[in-house]
Structure formats: structure tokens, C-alpha cells
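To keep things clear, I will list the structure first and then write my remarks on it.
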Amino acid sequence: MKRILILQTGGTIAMQIRRESNGEMVNTQSDSLLRYIPELSQIADIECRELFFKDSSDMGTGDWITIIEAIRDSYNQYDGFVVLHGTDTLAYTASAVSFAFKNLNKPIIFTGSQVPMSVIRSDAQRNLINAIQMATLPFNEVAVCFSDKIFRANRTTKMSIGEFTAFNSPNFPPLAEIGLDINIKYSLPPSAQQMECFPVFSEDVIVLRLFPGMRPKKFLPLLENGTRCVIISGFGSGNFPVSGEYNLIPFIEKCVEKGIFVVMASQALFDSVDLEKYSSGRIARDLGVISARDMTTEAALTKMMYLLGRFKNPHQIRDRYIRPLRGEMSAN
Ligand code: ASP
């Protein structure tokens with residue numbers, strides 16, 4: 001029987017309604033999560049470990065590292081890993097974890113739920129069962145399991161606050177759909193090389209979402225204090241204002257002058273940034289702005305945090321940023 005390690009980090013899936021305190025939600029232990037579904041022992045030999053209990057909005061790079069190191073340190077003892085996580089920042093953590101593991105040859109499956117396990121009409125049971133089942137299969141990547149679908153972690157984004165189908169991967173099909181059987185349609189190929197783990201992330205990155213009426217001058221102070229990259233969430237195919245008081249070009253030039261990377265992403269979820277299509281994009285390209293192409297903002301951010309954490313040399317960082325490392329962007 002396959003050995004699976006479940007790592008508990010908190011979120012709604014682990015919440016219980018405490019009756020004596022006016023319906024306040026409290027965290028519960030993951031062992032008791034398994035008590036809700038004793039049949040899980042038929043799927044795998046499961047062990048649970050509580051790493052911490054947090055609302056995922058409170059999580060930062062230190063928590064990502066705790067998760068990564070826990071998996072790394074137990075890597076040889078288990079066939080697969082399931083991480084229980086709050087849905088709010090799940091796509092960020094799962095993306096970050098995907099970059100930290102190179103040549104992964106076991107599944108790391110993230111899941112959570114919209115409704116706590118303790119509530120009768122919860123999606124937690126189904127998500128947990130699916131995630132554990134998925135973690136027993138030969139599968140070489142970090143994935144998100146939610147509402148009968150498996151998504152590539154670094155392609156995933158939270159789409160809904162209220163629906164059970166909370167996640168989607170706008171620019172990549174689901175890796176698997178769970179019906180009567182689990183049909184894996186896509187998976188990164190296994191690597192003949194040893195797994196390597198790099199739990200390193202820089203926090204010197206800023207994501208700036210453009211909006212009509214935004215005066216870039218106001219944001220210049222953000223470039224102080226060690227900022228190493230600005231990810232601009234631009235309009236459409238990567239457009240931004242190029243004239244008048246909203247002109248973003250002087251801001252970009254300031255970044256270039258200071259040696260700060262500028263990445264152009266898009267507020268549109270589907271399709272790819274294209275810096276050739278409009279004149280603003282071409283100006284950006286000529287200034288050295290990097291296109292995030294079809295990466296999610298979560299992947300664009302965590303990939304840069306990882307590369308800045310791992311490398312000092314700007315060429316090494318840029319070189320790796322512009323090509324797919326873990327399936328997070330489509331090939332050109
Ligand atoms: N606020 C919760 C969290 O992300 C939401 C959830 O788990 O669905 O931790």
C-alpha cells in the first residue's frame with residue numbers, strides 16, 4: 001500500500017464550528033479530519049503532521065519554506081504528499097513549492113475546501129479523498145486538487161469565493177479529471193536525475209496593478225529599500241499608459257536605471273502577454289521589460305521570488321525567468 005504524508009497548514013478545511021462560542025470557527029487537528037472518513041485507510045497508509053494552523057492570508061515565504069523542508073526531509077519515506085491549505089493563497093504557496101523542487105518524481109497535491117469538514121454539506125471530504133487518491137498515483141509534479149479536477153499548481157488561480165469550483169487554470173487544461181476513474185491527461189515527464197530542493201525566496205518583489213488614473217510618481221518610493229523586481233499587472237496584452245501624467249515610461253526607466261527587473265503581466269486571466277502587438281509593449285520590450293507571457297500572477301511572482309532567492313547574477317535570473325522551468329508557461 002502506498003505511504004502518504006498529509007501536512008496540515010490550516011484554512012477552512014481544518015475549521016470546526018465551536019458551539020459554545022456563538023458559532024466561532026476554530027482549527028481542528030488533521031488526525032480528526034481522518035476520523036471523518038475512516039475509509040481513507042483503504043486507499044493508502046496515511047500519516048498526518050500538523051505544521052501550523054493559519055488562515056492562508058497570514059502565510060508568507062517562511063511558511064512556504066516550512067512546507068518545502070517538511071516534504072524534503074520526508075521525501076524518501078513516502079510515495080506522495082498532500083498539503084491541506086486555506087484556499088485564499090493556496091495558488092501562491094503551491095506555485096512557490098513547484099519552483100523549489102527540481103526533478104520531482106513524486107506527487108505533491110494541495111487541497112482545501114470552501115466549507116469546513118465538520119459541516120454536513122462540505123466539499124472537504126471529496127477534495128481530501130481525491131487528493132489522497134491522486135497522491136498514490138505515479139505523477140511527477142505539484143498539483144492542486146479541487147472539485148474533481150487536478151490542476152498544475154503553477155497554472156492555478158483562485159476564481160471563486162462562493163462556488164465549490166474555487167480553482168481553475170486558465171491557460172492550461174486540467175491535468176486530470178476525476179470521475180469513475182482518474183484519467184491523467186498531462187504530467188511533466190519523469191526525470192532521470194535526482195530530486196533537488198531549493199527552499200529560497202526573496203521578498204524584494206512588488207506587484208503593481210495598473211488602474212486608470214494611476215500616477216506612477218506616487219509609486220516611486222516603492223523602488224527604494226532593496227526592491228529587486230516590479231511585476232506590473234498591465235492591461236490586456238501588456239499595455240500601459242505612455243503619455244501625460246499617467247505615463248509609466250519614466251517609472252520603468254527608473255527601474256532600469258536602478259537595476260530592478262520589470263516584468264509585464266496582464267490583468268486578463270486568459271491568453272498571453274504580447275509585447276509586440278502595441279506600441280507601449282514595444283517600448284517596454286526595448287527598455288528590457290520581461291514578458292510574463294501566459295503565466296498566472298501567482299506563478300510570475302513566485303518564480304521571480306525563487307530565482308532572486310537562488311541566484312545573484314541578473315543574467316542567470318533573466319535567462320531562467322524567460323523559459324519554462326516547471327511547466328508554468330507555454331513554450332514560445
Ligand atoms: N480564509 C481561508 C484561508 O485561506 C479561506 C479558505 O480556506 O477557504 O485560509
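All of the numbers you see were taken from the coordinates with simple rules; none came from a lab. If you're wondering where the values come from, they're calculated on a predicted model, not measured in any experiment. Using ideal geometry, Cβ is built from the backbone for each residue, glycine included, and neighbour counts are taken over all protein chains shown.
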Seminar exercise, completed: Straight-line reach check, Lys217, cutoff 25 Å on alpha carbons, 8 or more apart in-chain or any other chain, hits among lysines -> Lys254, Lys258
Problem set entry | Shape category assigned to the stretch 235-332 from the gyration tensor of Cα positions, a/c cut at 1.5 | oblate
Exercise. In which sequence would Met1, Met329 go, from the one with the fewest C-beta neighbours within 10 Å to the one with the most?
Worked result: Met1, Met329
Exercise. Taking the stretch 91-138 on its own, what percent of its Cα-Cα pair distances exceed 15 Å?
Worked result: 55
Seminar exercise, completed: Summing -39500 (n - 2.57) over every DSSP H run of at least 4 residues in the chain and dividing by its residue count gives a helix-only mean residue ellipticity at 222 nm, to the nearest 500 deg cm²/dmol, of -7500 deg cm²/dmol
For this session: Sort the stretch 116-162 into rounded, prolate or oblate with this rule: let a ≥ b ≥ c be the square roots of the eigenvalues of the Cα gyration tensor; rounded if a/c is under 1.5, and if a/c is not under 1.5, prolate when a/b is larger than b/c, oblate otherwise.
Result: oblate
For this session: Go ahead and collect, in residue order, the members of the stretch 98-120 whose backbone nitrogen is under 14 Å from a label point 7 Å along the Cα-Cβ direction of Lys2.
Result: 105-110
For this session: Just need the relative contact order of the chain here, percent rounded to a whole number, with Cα pairs under 8 Å and 6+ apart.
Result: 15
Exercise. Hey, in the GNM for the chain with a 10 angstrom Cα cutoff, which one of Asn183, Asn140, Asn105 fluctuates hardest?
Worked result: Asn183
Exercise. Of all DSSP beta bridges located in the chain, what percent are antiparallel, nearest 5?
Worked result: 35
Seminar exercise, completed: If Glu163, Glu224 are placed from fewest to most neighbouring beta carbons inside 10 Å, the sequence is Glu224, Glu163
Problem set entry | Sorted largest first, extent of the chain alpha carbons per principal axis (Å) | 63, 53, 36
Problem set entry | Nearest-0.05 FRET efficiency for Val119 and Ala331, computed from C-beta distance (R0 51 Å) | 0.75
Seminar exercise, completed: Long-range alpha-carbon pairs in the stretch 100-188, meaning those over 14 Å apart, account in percent for 61
Exercise. Between Asn225 and Asp73, what is the spin-label point distance in nm, taking each point 7 Å from the Cα along the Cα→C-beta axis?
Worked result: 3.2
Exercise. Among rounded, prolate and oblate, which fits the stretch 140-184 when a ≥ b ≥ c are the square roots of the eigenvalues of its C-alpha gyration tensor, a/c under 1.5 means rounded, and a/b larger than b/c means prolate?
Worked result: oblate
Seminar exercise, completed: Subtracting the Cα-Cα distance of Ala192 and Asp286 from 0.36 nm times their residue separation yields 29.9 nm
Exercise. For the residues Leu220, Leu180, Leu128, Leu104, what sequence is obtained by ranking on other C-beta atoms within 10 Å, fewest first?
Worked result: Leu180, Leu220, Leu104, Leu128
